[in-house]
1. Please give the contour-minus-distance gain from D82 to A143: 0.36 nm per residue of separation, less the Cα-Cα distance, rounded to one decimal in nm.
2. Provide the three semi-axes, in whole Å and in decreasing order, of the ellipsoid equivalent to the stretch 113-156 as defined by the square roots of 5 times the Cα gyration tensor eigenvalues.
3. If R0 is 30 Å, what FRET efficiency do you get for Y21 and T72 from their C-beta distance, rounded to 0.05?
4. In what sequence do V45, V141 fall when counting other Cβ within 10 Å, fewest first?
5. Counting only C-alpha contacts under 8 Å and six or more residues apart, can you give the relative contact order of the stretch 7-107 as a whole percent?
6. For the chain, with the dipole built from +1 on Lys and Arg beta-carbon atoms and -1 on Asp and Glu ones, taken about the Cα centre, which of G133, N58, Y21 lies farthest toward the positive end?
7. Starting from the eigenvalues of the Cα gyration tensor, five times each then square-rooted, give me the equivalent ellipsoid semi-axes of the chain, largest first, whole Å.
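What follows is calculated from the coordinates using simple rules that are stated; it is not laboratory data. All of these numbers come straight from a predicted model, not from anything done at the bench. Here the Cβ is made from the backbone with ideal geometry for all residues, glycine too, and neighbour counts use every protein chain on show.
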Amino acid sequence: MHFPFPGIGVVFSIEGLGGGYYDYRAWKLFMKHISPRQLGSCALVEGDTAATLYGPANEFCIGIYGLKLDRTLVRKVFEPLDDPGFAPFHRRFIEKLALDDQPLPLRGNIDALGRLVTDEWTWEDHSLCLEAGWGYAPRQVPADLNPSFRAQLEALRQPRSDERRVV
């Protein structure tokens with residue numbers, strides 16, 4: 001996906017993430033180590049890298065594009081980490097030019113209030129945001145959403161600060 005502003009991708013090892021549900025595990029790691037406020041308003045893309053789909057790699061990427069994205073900060077956050085699941089250091093990042101050529105669909109956006117905005121509510125996004133303390137503001141919510149999830153979602157929709165955690 002091409003965006004006309006700066007971008008960087010954080011790469012994960014699918015094997016290191018344990019195989020099945022690796023995308024969920026990658027997002028969990030990503031959200032654990034960086035906050036929406038650090039990213040600012042941005043677009044988030046995700047998926048298996050081209051080298052995974054068409055070549056020998058076994059990697060998943062979360063890409064960030066934003067007009068005021070601080071790519072140096074993203075590198076500083078993710079470079080020193082040794083959590084299982086991150087790609088080896090020499091393959092951990094995909095820079096803008098190569099990121100644009102990756103087959104990564106849009107997952108959502110971080111809005112000016114620091115919330116993950118998606119087209120539709122999903123249990124996965126709800127759970128990830130709840131655990132990581134991220135805000136969550138899906139555009140469409142099922143009418144029959146469980147009342148406890150609806151109450152949590154109302155709390156997640158509130159503007160976020162880095163220190164705030166929803167329980």
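1. Values: separation 61, 0.36 × 61 = 21.96 nm, distance 4.16 nm.
Roughly 17.8 nm would be gained on extension.
2. Numbers: eigenvalues 45, 27, 16 Å².
Values for the stretch 113-156, descending: 15, 12, 9 Å.
3. Details: r = 31 Å, r/R0 = 1.04.
Computed FRET efficiency for Y21 and T72: 0.45.
4. On the way: V45 21, V141 15.
Ordered from fewest to most neighbouring Cβ atoms within 10 Å, V45, V141 come out as V141, V45.
5. On the way: 161 pairs, mean separation 47.0, N = 101.
Relative CO of the stretch 7-107 lands at 46 percent.
6. G133
7. Working: eigenvalues 135, 59, 47 Å².
Equivalent ellipsoid of the chain: 26, 17, 15 Å, largest first.
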